[in-house]
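Trainee: Pasting in a structure now, in structure tokens, and then I'll have a few things to ask.
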Amino acid sequence: MSELIDPRTKYEKIAPPKQTQPEPGLDSKLEPLADLGEESYVGHGRLKGRKALITGGDSGLGAAVAIAYAREGADVAISYLPAEESDAQRIIGFIEKEGVKALALPGDLREKEQCEKIVEETVKAFGGIDIVINNASKQVWHESIEDLSDEDFDATMKANVYASYRVTRAAVPHLKPGSSIIFTSSIQAYDPSETLVDYAVTKAAMNTMSKGLAQQLGPRGIRVNAVAPGPFWTPLQPSYGQPQEKLQTFGQDTPLGRAGQPAEIAGAYVYLASEEASYVSGETLGLTGGRPTP
Ligand code: NAD
Ligand code: MG
């Protein structure tokens, strides 16, 4: 019998000291460090033989999913920005430790060629692809729409909406029946913060893209779903993802009273890609610490 664990105190409340990192942030510089499941995630062979591509798999939620997928038996490719090489190499180490194949794919997904290249390289290295996780995203806060330049708006659209659309378009010809596509949306898709208008728009777009593609690709035997996280402690937040004052009590306004840790989200991505979810498509799974989603 396993011990009953209180979800409010399973992890400490995050009350981080003042910190700012240049964008994109590094997991290795987070204070306190986040839990990616390095010590805790136990695999059960649920993705044995699968071949997964995870964008933004170097840090935060994507890194926790990469570790979990490797422990479930999948080969895992991670894409990330060149500035994140040190975080990425650490995660590559965890993947390789499981005796599965790992692939590191640095480059900027705002570029069309890079979106296509990461799919082709994954197929070449693993002999195919059957799980695509559109998880990379840019989140930079702005006080007012008057401060949000065309360039900033465009960069967020390109990194979030265009990249997931282009990566998916490149992957679909390779996906056999039984394959799975998962988008990382956000509670921001439904409940946007006053400082994250452009980002929230992209998360709503990614959520709707997943639901539309589920309609289109279901008849081809491909399931498409989304995960909508609430506040998770990742390098996205202190690298201009939130105003400093919001970081101090990050996640404490949820019913569970604390921010989530990346390790707590991996199971959702494992489930959605696994055989257990064979009748689940067009769904958005919220992991919000209790904040309601529609
Ligand atoms: P993170 O910073 O660890 O991960 C985001 C990753 O996106 C980066 O590691 C980076 O590799 C990648 N990325 C950004 N711009 C890119 C570009 N131009 N080219 C290539 N890669 C790029 O932060 P995270 O919080 O783990 O974010 C993962 C996902 O979770 C994102 O889609 C984010 O919107 C979503 N999300 C996070 C939270 C949260 O509270 N942390 C809440 C809701 C949704
Ligand atoms: Mg990163």
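Read-outs throughout are calculated quantities, based only on the coordinates presented, and are distinct from any laboratory measurement. Remember, it's a predicted structure, so these values are computed and weren't measured experimentally. Note that each Cβ is placed from the backbone with ideal geometry, even for glycine, and that neighbours are counted across all protein chains shown.
Trainee: For the ranges 223-230, 253-260, 78-85, what's the packing order if you count other beta-carbon atoms within 10 Å of each residue, average per peptide, and put the highest first? Write out the running numbers ahead of the final one.
Mentor: Numbers: 223-230: 24.8, 253-260: 18.6, 78-85: 21.8.
Descending packing order for the listed peptides: 223-230, 78-85, 253-260.
Trainee: Separate question: Enter the Cα centre distance for the pair the stretch 160-219 and the stretch 1-77, rounded to the nearest angstrom.
Mentor: The distance from the Cα centre of the stretch 160-219 to that of the stretch 1-77 comes to 21 Å.
Trainee: Here is a follow-up. Tell me, what ³J(HN,Hα) does each residue in the stretch 173-181 have, in order and in whole Hz, if you take phi through Karplus 6.51 cos²θ - 1.76 cosθ + 1.60 with θ = phi - 60° and put x for Gly and Pro?
Mentor: Couplings: x, 8, 7, 8, x, x, 6, 9, 10 Hz.
Trainee: Under the rule of -39500 (n - 2.57) per DSSP H run of 4 or more residues, summed and divided by the residues of the chain, what mean residue ellipticity at 222 nm is obtained, to the nearest 500 deg cm²/dmol?
Mentor: It lands at -9500 deg cm²/dmol.
Trainee: Here is a follow-up. Between Lys18 and Glu275, what length comes free when the chain is fully extended (0.36 nm per residue of separation minus the Cα-Cα distance, one decimal in nm)?
Mentor: The Lys18-Glu275 span can extend by a further 88.2 nm.
Trainee: Follow-up question, since we're still on this one. Give me, ordered by chain and number, the residues 5 or more places off Leu285 or on other chains with an amide H under 5 Å from its own placed amide H.
Mentor: Ala226, Val227, Ala228
Trainee: Name the residue farthest towards the positive end of the dipole of the chain from the options Ile182, Pro262, Ile222, assuming +1 on Cβ of Lys and Arg, -1 on Cβ of Asp and Glu, about the Cα centre.
Mentor: In the chain, that residue is Ile222.
Trainee: Report, in debye and to the nearest 20, how large the dipole of the stretch 79-225 comes out about its Cα centre when Lys and Arg carry +1 and Asp and Glu carry -1 on their Cβ.
Mentor: For this selection, approximately 1120 debye.
Trainee: OK, next. When the Karplus curve 6.51 cos²θ - 1.76 cosθ + 1.60 is applied with θ = phi - 60°, which whole-Hz ³J(HN,Hα) does each residue of the stretch 25-38 get, with x for Gly and Pro?
Mentor: x, 10, 4, 5, 9, 5, 10, x, 5, 8, 9, 9, x, 3
Trainee: Once amide H atoms are built 1.01 Å from N in the peptide plane, which residues 5 or more positions from Ala77, or in another chain, come under 5 Å H to H?
Mentor: Ala52, Leu53, Ile54, Leu103
Trainee: Would you kindly derive the ³J(HN,Hα) couplings of the stretch 128-139 from the backbone phi angles with the Karplus curve 6.51 cos²θ - 1.76 cosθ + 1.60 (θ = phi - 60°), listing them in order in whole Hz, with x for Gly and Pro?
Mentor: x, 8, 9, 9, 10, 10, 8, 10, 4, 7, 10, 9
Trainee: Rounded, prolate or oblate, given the Cα gyration tensor of the chain, with a/c below 1.5 counting as rounded? All intermediate terms of the calculation are to be shown ahead of the outcome.
Mentor: Values: a/c = 1.39, a/b = 1.18, b/c = 1.17.
Verdict is rounded for the chain.
Trainee: Which residues' amide hydrogens lie under 5 Å from the amide hydrogen of Gln242, considering only partners 5 or more residues apart or on another chain, with H built in the peptide plane?
Mentor: Excluding prolines and chain starts, which carry no amide H, the hits are Trp141.
Trainee: Now for a different question. What pairs from Lys10/Lys211; Lys117/Lys138; Lys13/Lys158; Lys29/Lys246; Lys13/Lys51 go past 30 Å between their alpha carbons?
Mentor: From the list (Lys10/Lys211; Lys117/Lys138; Lys13/Lys158; Lys29/Lys246; Lys13/Lys51), the Cα-Cα distance tops 30 Å for Lys10/Lys211; Lys13/Lys158; Lys13/Lys51.
Trainee: Can I ask one more? About the Cα centre of the chain, what is the dipole size in debye to 20, counting +1 per Lys and Arg Cβ and -1 per Asp and Glu Cβ, all else neutral?
Mentor: 1080 debye
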